[in-house]
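Heads up, the thing below is written out as structure tokens.
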Amino acid sequence: MTSDQLPKMEHAFTISLELTGLRWVSPSVIGAKRGAVYVASGTIEGPRLNGRVVPMSGGDFPLVRPDGVIDFDARYLLEAEDGAIIYMQNRGYRWASESVMERMRRNEPVESHEYYMRVVPKFDAPEGPHEWLSRHVFVGTAEKLPGANRIHYFVVR
């Protein structure tokens, strides 16, 4: 492998989400716990994209596996500052020690080094200045905050 084959990542934007309406299907018929939490609002800030998350346009439907790993499946709409609407789907995982996961369940603050929370988004953007979102791979590093998430997205070059 040569150095030009190694992926390079560049910070594209950060999304801060306020979450609401947590509900659980527990136990589900597949032997795991299924959640539903909705995106109440959010902001998008960064060098490549700015705007907001369209309120109540979707949410996350995580599966809590028997091993304690949370398997995310989030879908919601973004609105760029020029008014363009962008569909976003986010998949990823969060896990930590049982004591840290318990603090998160109680909505207590935790430090980002205490857990693993990574996502891989996909975008469906309209033609024009935002179509680059639909042509690149991204990786997100996420922070779990009380009642919220903050996700830093990096475009893979």
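At-a-glance table
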| read-out | value |
| --- | --- |
| Directionally averaged shadow of the chain, computed from the convex hull of its alpha-carbon atoms, nm² | 10.7 nm² |
| Highest-fluctuation residue, 54, 25, 69 considered, GNM on the chain with Cα pairs under 10 Å | 25 |
| Cβ-based net charge around residue 143, under 12 Å, with every Lys or Arg adding one and every Asp or Glu removing one | +2 |
| Exposure proxy order (Cβ contacts within 10 Å, fewest to most) of 141, 2 | 2, 141 |
| Contact order relative to length of region 5-157, as percent, for alpha carbon pairs under 8 angstrom and 6 or more apart | 23 percent |
| Cross-link partners of residue 33 among lysines (Cα-Cα below 29 Å; sequence separation of 8 or more within a chain) | 122, 144 |
| Restricting region 5-51 to trypsin sites (Lys or Arg not before Pro) in coil, as DSSP defines it, with at most 13 other Cβ within 10 Å | 8 |
| Given charges at beta-carbon only (K, R positive; D, E negative), |dipole| of region 3-156 in Debye | 500 debye |
| Computed FRET value (nearest 0.05) for residue 4 with residue 67, which takes r as the C-beta separation and R₀ as 41 Å | 0.60 |
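FYI, it's all coordinate maths here, none of it is from the lab. Nothing here was measured: the structure is a model prediction, and the numbers come from that model. Backbone-built Cβ (ideal geometry, glycine too); neighbour counts: all protein chains shown.
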